[in-house]
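This report concerns only the one structure given below.
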Amino acid sequence: MPELPEVEVVRRGLERWVVGRTVGTVTVFHERSIRRHTAGPDHFADLLAGRTFTAARRRGKYLWLPLDSGDALLGHLGMSGQLLIRPAEAPDEPHLRVRFTFTDRGSELRFVDQRTFGGLAVEPDAADVPPAIAHIAPDPLDPLFDDAAFVAALRRRRTGVKRALLDQTLISGVGNIYADEALWRTRLHYARPTETLTRADAGRLLGHVRDVMTEALQVGGTSFDTLYVNVNGQSGYFDRSLNVYGREGEPCGRCGTPIRRDPFMNRSSYTCPRCQPRPRRAHW
Ligand SMILES: [Zn+2]
């Protein structure tokens, strides 16, 4: 599943290749991909045709492209979604769901999604933050993110620290991989009760979350020079720099202790049992 740095790479690609262009036609090949646009594909296409994209924005893993009409095209990549910029003559992808042409007759924007968990919709009055995603907290790479407010809110929670990091109403865009990496760097166990964190602990954790994401973004950002905006859903380009995630049984880079994997919320948590000892009182 694409995590925030990958989605930010897509946003930058859209900013570069799509903003300022005027939509020609929109063709929906699979209605499930616009299921959140309840008025249907014709309505979806009518709201977009002839409109110009004015910006490319992101909150957490949601992307939106404001239009000169005041509406915005809102998108989520889900598990396998891709937004591709392709030459008009390029053959259709097997899982092409929505095609956008532009009045300049240049490259097309294509939404490709094998598993169709992602989707697109046109949101009204969405030049600022679309109402549908207003409940989602800013992410730590967002200039609007309030560090002091996050630290205070985290310490008021009564939950395990990793659950808090995955709570999109507290902080958005932190997926399983980046949570595990940031906790390892901070030497915190995932079940550590948030109410026992000092302000300094919480501040260090936030710093590591931001560092991990920024590093991933720098690595991922190298791939968008080409005329191809892509999220492959694998986070593959960051795998080499992971310290704990997916490394069960391998030695901890700090102390050599084998990395441990525990089941966590239908997924896994990876820790160094020595650097990140389980707290005596744990929150799940
Ligand atoms: Zn260790």
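Okay, here's what the table says:
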| quantity | calculated |
| --- | --- |
| Yes/no for residue 33 being over 16 Å from residue 101 (Cα atoms), hydroxyl-bearing (Ser, Thr, Tyr) and in a helix (DSSP H, G or I) | yes |
| Count of residues meeting criterion [of a type in the set (Lys, Arg) and open to solvent by less than 20 Å² (accessible area, probe 1.4 Å)] in the range 1-20 | 0 |
| Output for the range 71-88, where each listed residue is at pLDDT below 95 and not hydroxyl-bearing (Ser, Thr, Tyr) | 76, 77, 78, 79, 81, 82, 83, 84, 85, 86, 87, 88 |
| Residues within the range 143-192 that are part of a loop (DSSP other than H, G, I, E, B), within 16 Å of the ligand (Cβ to nearest atom) and open to solvent by less than 20 Å² (accessible area, probe 1.4 Å), tallied | 3 |
| Any hit, the range 37-52, residues being buried (at least 21 other Cβ atoms within 10 Å of the Cβ) and farther than 30 Å from residue 137 by Cα | no |
| Some residue of the range 196-210 being in contact with a Ser or Thr (Cβ under 7 Å, 6 or more places away or on another chain), modelled with pLDDT of 95 or more, part of a loop (DSSP other than H, G, I, E, B) and within 16 Å of the ligand (Cβ to nearest atom) | no |
| Residue list for the range 83-107, restricted to those being of a type in the set (D, E, K, R), under 15 Å from residue 29 (Cα atoms) and buried (at least 18 other Cβ atoms within 10 Å of the Cβ) | 97, 99 |
| Qualifying positions in the range 117-138 - in contact with a Pro (Cβ under 7 Å, 6 or more places away or on another chain) and either assigned to a strand (DSSP E or B) or open to solvent by 40 Å² or more (accessible area, probe 1.4 Å) (or both) | 123, 127 |
| Tabulated pairs, the range 246-267, first within 19 Å of residue 165 (Cα to Cα) and open to solvent by less than 80 Å² (accessible area, probe 1.4 Å), second within 11 Å of the ligand (Cβ to nearest atom) and not charged (D, E, K, R), C-beta under 8 angstrom, 6+ apart or interchain | 262/271 |
| Residues satisfying the stated conditions in the range 56-79, i.e. open to solvent by 30 Å² or more (accessible area, probe 1.4 Å) and part of a loop (DSSP other than H, G, I, E, B) | 61, 68, 69, 79 |
| Residue, nearest to the ligand (Cβ to nearest atom), within the range 269-280, restricted to residues that are open to solvent by 20 Å² or more (accessible area, probe 1.4 Å), of a type outside the set (Lys, Arg) and under 23 Å from residue 211 (Cα atoms) | 273 |
| Lone unmet requirement of (1) open to solvent by less than 10 Å² (accessible area, probe 1.4 Å); (2) closer than 24 Å to residue 212 by Cβ; (3) part of a strand (DSSP E or B) for residue 23 | (2) |
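The values are calculated or read from the model by the stated rules, or taken from the named source; none is laboratory data. As the structure is a computational prediction, the values presented were derived from the model and not from experiment. Using ideal geometry, Cβ is built from the backbone for each residue, glycine included, and neighbour counts are taken over all protein chains shown. Just so you know, the surface numbers come from the protein's heavy atoms only, side chains and all, with ligands and any DNA or RNA stripped out. Shrake-Rupley method; radii C 1.70, N 1.55, O 1.52, S 1.80 Å.
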